[in-house]
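Read the structure below first, then the notes.
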Amino acid sequence: MLDRLVDKLFGLPRAEGPKPVVTRDLAAPMPDGVTLLADRWAPAGTTSAPVVLIRTPYGRSGLLGRLFGDTFARHGLQTVVQSTRGSFGSGGEFRPFHLEREDGVATVEWLRAQPWCDGRVAMAGASYLGHTQWAVGPYLDPPLEAMCLGVTASEFVSTFYPGGVLAADNMVSWSAMIGRQEERFAALPNPVQKRKTRRAMAHLPLSGADVAAIGKPVQFLQDVTSHFVPDDDYWVMSDHSAEVAKLDVPVSMVTGWYDLFIRGQLRDFRTLAEAGKEPRITIGPWAHGEPASMGPMIRDQLGFLRAHLLGDRAQLQRSPVRLFLQGANSWLDFESWPPPSTPTASHLRPGGGLGETADEARPTTFTYDPADPTPAVGGPLLTGEWKQRDNQEVEARPDVLVFTGEPLPADLDVIGEVAATVHVRTELGHADVYVRLCDVDPDGVSRNVTDGILRLRPGFPSADEEGVVTAEVGLDPTAYRFRRGHRLRVQVAGGGFPRFARNHGTGEPVTSAVDGKPNRFEVFHDAARPSRITLPVFSGS
């Protein structure tokens, strides 16, 4: 009964046959003598067959085992779920992103030597389970049969430090979660712990947020705050982006417009496609880990794996790019990413307007105060109030510049990469430029669509003779229909807290920064320095 409900919930065909056979705590030896534990889920009667490998730090039992191990095996796929080093019974120390290549490659070699494996191995999973795939896929000979990459990317560093700014909300949230995940009842909803974690995001220095959140240090947060400096090569072991173009493995991807890895995952997709590979991707209206995304992801991964391991090719008959057009509530298919579009600039005008041309006027000013950091609501978060939110309260603050266009005479479809150019002069040199694109409905409610941030420091970017820098801010890609009668709105601010760590204005490392200084911004609008946002306008042709 439960199996039928799971299949119905995920939109899967009803699985026939007996329950899978589960073998617990299989021991895989690693080159350094550490042993990692795994559970094997096999269709009844399996003797020698291909294996789907899932490497996870989140445990092998409970929901994850049922989602992947049980579901995949009931639909004919022998699946091995392994706990990564130092987690849930596996030996060694859990240091996220360390040794995943070495452990993953050794695990595949171990699997291929088992009598119940016919030598063919594929991998699947989402988020960190996607990282463990990228840490293995490019380095195997013979290669994997397939990779199913849900909400992930070949490198995580740009997600730790988007635009050079520490992603405080996501880093503290994930650190608190992994720091207590093996405690009793940790998987149950805990409103008290949730409030403690959110309060900890404001802790100074930020390197102490782990103890403030869960009462003990978490090595990952110490790593991610200690190595938050330009050109630090500490995270090289986690970056597999240089290998993407060389990958010779069939790849299927699933992500969401409010996923924190959306930019990196689309970059991976484009790199594979430009290298002559044939990846496919599905992009829905989801945030990271949103329950609504689980059904589409399981269906995609199961279908792709069955095609490449069991010869069921029906799931391969689709366009390489399938995306959800927000605001239109419709799905579109394309042959490539991004689809053809017309780059269209809207200039930030003095007085708070958006227009086709710049305006000769004095710069617009505001002051960012790290003691009262500019908040951000919604967006691509791991926890809390994610996705689209009402921005009116934030836009009423004096430290947020708001630029609003006229009501649209017709629907406007924006599909692709969004970018902003802000010509700015700051009093302190150390500053962040945060840009957010919003959709304002006829009732005046302003909802975020996409955003981005860039950290400035003395000498980066280089300033002109008047001390003005050109901040090129990349916003997350999107597919969004702005309806007729709605208005475009652009916010410019000096931060978006706690999603991004506050800028103290001093250049002091985040591991020790406690005090800060207010910072005066001047945003320029003139023809020589036209601040603007550039949108990929899709015509439908």
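What does the C-alpha gyration tensor say about the overall shape of segment 388-541? Classify as rounded when a/c is under 1.5, otherwise prolate if a/b is larger than b/c, or oblate.
It is prolate, given that a/c is not under 1.5 and a/b is the larger ratio.
What percent antiparallel are the DSSP beta bridges of the chain, to the nearest 5?
Of those bridges, close to 75 percent are antiparallel.
Could you tell me what % of all Cα pairs in segment 180-227 have separations over 17 Å?
Tail of the P(r) past 17 Å holds 35 percent of the pairs.
Report the calculated FRET efficiency for Leu310 and Ala528 (r = Cβ-Cβ distance, R0 = 51 Å), to the nearest 0.05.
0.25
How far apart, in nm, are two points set 7 Å out from the Cα along the Cα-to-Cβ line at Arg66 and at Leu5?
That separation, rounded to one decimal, is 0.8 nm.
Can you give me the distance in nm between label points at Glu93 and Val445, each placed 7 Å from the Cα along the Cα-to-Cβ direction?
5.0
Quick check on the chain: helices-only [θ] at 222 nm, where DSSP H runs of length 4 and up contribute -39,500 (n - 2.57) each and the sum goes over total residues. Nearest 500, please.
Using -39500 (n - 2.57) per qualifying helix, the result is -6000 deg cm²/dmol.
Which length gain, in nm to one decimal place, applies between Gln114 and Ala245 when the Cα-Cα distance is subtracted from 0.36 nm times their residue separation?
44.1 nm
Could you give the length gained on full extension between Glu335 and Glu406, defined as 0.36 nm per residue of separation minus the Cα-Cα distance, in nm?
The Glu335-Glu406 span can extend by a further 22.2 nm.
Looking at segment 1-121, what % of its DSSP beta bridges pair antiparallel, to the nearest 5?
60
For segment 238-279 and segment 130-192, write down the distance between their C-alpha centroids in whole Å.
Between the Cα centres of segment 238-279 and segment 130-192 lies a distance of 16 Å.
Would you mind telling me the antiparallel percentage of the DSSP bridges in segment 271-395, rounded to 5?
So the antiparallel bridges amount to about 75 percent of the total.
Glu508 to Ala186: extension gain in nm, 0.36 nm per residue of separation minus the Cα-Cα distance?
112.4 nm
Which of rounded, prolate or oblate describes segment 334-385 when judged by the alpha-carbon gyration tensor and an a/c cut-off of 1.5?
oblate
If you roll a 1.4 Å probe over the heavy atoms of the protein chains, what accessible area per residue do you get for the chain, in Å²?
Each residue of the chain exposes 40 Å² on average to a 1.4 Å probe.
Could you tell me the center-to-center distance, by alpha carbons, between segment 442-466 and segment 362-411 in angstrom?
Each part reduced to its Cα centre gives a spacing of 11 Å.
Among (i) 29.0; (ii) 25.1; (iii) 26.5, find the value of mean projected area of the Cα convex hull in nm² that was calculated from the structure presented, and write down its label.
(ii)
Name all residues of segment 140-183 having a backbone nitrogen under 16 Å from the label point set 7 Å from the Cα of Glu274 along its Cα→Cβ direction, giving them as ranges.
Those under the cut-off are 154-155.
Take the cross-link list Lys246/Lys387; Lys194/Lys387; Lys194/Lys216 and give me the ones stretching past 25 Å between alpha-carbons.
The answer is Lys246/Lys387.
Treating cross-link reach as a plain straight distance, find the aspartates and glutamates whose alpha-carbon is under 14 Å from the alpha-carbon of Lys8, omitting any fewer than eight places away in the same chain.
Those aspartates and glutamates meeting the cut-off are Glu16.
Taking the alpha-carbon set of segment 13-77, what are its Rg and Dmax in Å?
Taking only Cα atoms of segment 13-77, I get Rg and Dmax of 12.8, 43 Å.
With the crude spin-label approximation of a point 7 Å out along Cα→Cβ, what separation in nm comes out for Met237 versus Ala361?
Between Met237 and Ala361, the simple spin-label model gives 5.3 nm.
Can you bin segment 271-345 into rounded, prolate or oblate? Criterion: square roots of the alpha carbon gyration tensor eigenvalues sorted a ≥ b ≥ c, rounded for a/c under 1.5, prolate for a/b above b/c, oblate for the rest.
Oblate shape, in that a/c is at least 1.5 and b/c is the bigger or equal ratio.
The values are calculated or read from the model by the stated rules, or taken from the named source; none is laboratory data. All of these numbers come straight from a predicted model, not from anything done at the bench. Ideal geometry is used to build each Cβ from the backbone, glycine not excepted, and the neighbour counts take in all protein chains shown. Only protein heavy atoms, including side chains, enter the accessible area calculation; ligands, DNA and RNA are left aside. Shrake-Rupley method; radii C 1.70, N 1.55, O 1.52, S 1.80 Å.
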